[in-house]
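Here, each number is a calculation from the coordinates, and none is a lab measurement. Everything numeric here is computed off the predicted structure, so don't read it as measured data.
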Ligand SMILES: NC(=O)c1ccc[n+]([C@@H]2O[C@H](COP(=O)([O-])OP(=O)(O)OC[C@H]3O[C@@H](n4cnc5c(N)ncnc54)[C@H](OP(=O)(O)O)[C@@H]3O)[C@@H](O)[C@H]2O)c1
């Protein structure tokens with residue numbers, strides 16, 4: 001084949017056209033999408049959940065926000081009420097079945113139904129090697145209850161309302177839902193479980209033609225207080241390993257309406273999700289190396 005200028009220009013044009021087409025296909029008018037949407041959001045007392053609550057109320061959504069610390073939830077509520085009065089607080093421990101039942105009934109009482117269920121609350125114990133736990137089983141169960149059973153119970157109690165609204169369940173996950181992460185075994189296992197559970201549930205909804213969408217969103221590293229503390233990220237890096245919570249929320253809000261089973265908000269999350277199964281040894285090696293570099297907790 002003869003090399004001409006066109007052999008360079010044509011692929012560039014094709015690439016640009018495909019970028020425009022992809023942007024166009026994925027464009028969502030978030031203002032009209034979220035306006036008056038009735039949303040349950042767990043884990044809204046701090047971190048990503050708090051920023052998500054504020055942004056959703058800016059967009060005109062009607063919210064019931066939940067967590068265990070009522071005072072912090074009320075702070076979130078105050079910030080949201082600058083934009084919308086329809087923000088209600090429910091103190092709930094999402095690891096407990098009865099609290100999840102109460103959360104759904106309060107949401108229905110205040111909002112009259114549920115359009116979106118956002119399972120954002122999560123518990124990640126401080127980084128610890130398996131061999132340093134006195135009772136790793138108890139820790140695992142504690143994490144599992146919050147990170148996984150939350151979704152099981154809230155889905156069960158909201159099912160009729162989600163059916164009625166053709167609603168969406170958003171399971172907030174992590175890249176550690178794909179790979180192993182040393183010193184975070186329980187958290188990692190719980191996010192793997194979330195993928196398995198909601199992936200299966202999605203198929204069941206399709207088999208029964210339920211018209212309920214399931215979205216699993218494996219987030220990259222986000223600079224929330226707890227995550228920074230847990231990862232002990234130092235300024236040893238030549239690159240930014242994560243994104244800010246505000247940036248994360250903006251991306252979540254734009255990708256959720258696409259209702260893909262797996263919604264990735266960054267390219268690294270996308271590639272890790274897809275490449276892990278091809279070369280798990282390489283990823284495991286990299287994760288171990290990463291932890292050695294950035295964690296003070298490894299002895
Ligand atoms: N930050 C990251 O780098 C990152 C990366 C990937 C995925 N994620 C995921 O993103 C979500 C939010 O993370 P984040 O960093 O914002 O977490 P965070 O700052 O630790 O906040 C966690 C939230 O969950 C609530 N929560 C914890 N246990 C609870 C329980 N038993 N019942 C009710 N609420 C409970 C907390 O409130 P109370 O303590 O008041 O109950 C808090 O509002 C999580 O699902 C996490 O797995 C985060």
If you look at just the Cα atoms of region 150-299, how large are its Rg and its Dmax in Å? 16.8, 53
Rounded, prolate or oblate: which fits region 75-117, taking a ≥ b ≥ c as square roots of the Cα gyration tensor eigenvalues, rounded meaning a/c under 1.5, else prolate when a/b beats b/c? oblate
Build a GNM of the chain with springs between Cα atoms under 10 Å: which of 249, 108, 214 gets the top mean-square fluctuation? 108
Nearest-5 percent of antiparallel DSSP beta bridges in the chain? 0
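Quick check on the chain: helices-only [θ] at 222 nm, where DSSP H runs of length 4 and up contribute -39,500 (n - 2.57) each and the sum goes over total residues. Nearest 500, please.
On the way: 12 runs with 153 residues, N = 299.
-16000 deg cm²/dmol, from helical runs alone.
Normalising by the residue count of the chain, find the relative contact order in percent from Cα pairs under 8 Å and 6+ residues apart. It would help to have the intermediate numbers written out before the result.
Working: 480 pairs, mean separation 47.9, N = 299.
With pairs under 8 Å counted, the relative contact order is 16 percent.
How big, on average over all directions, is the shadow cast by the Cα convex hull of region 31-294, in nm²?
Numbers: hull surface 56.6 nm².
Mean projected area of the Cα convex hull: 14.2 nm².
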Over the Cα atoms of region 112-188 the radius of gyration and the largest Cα-Cα distance (Dmax), both in Å, equal 15.3, 49
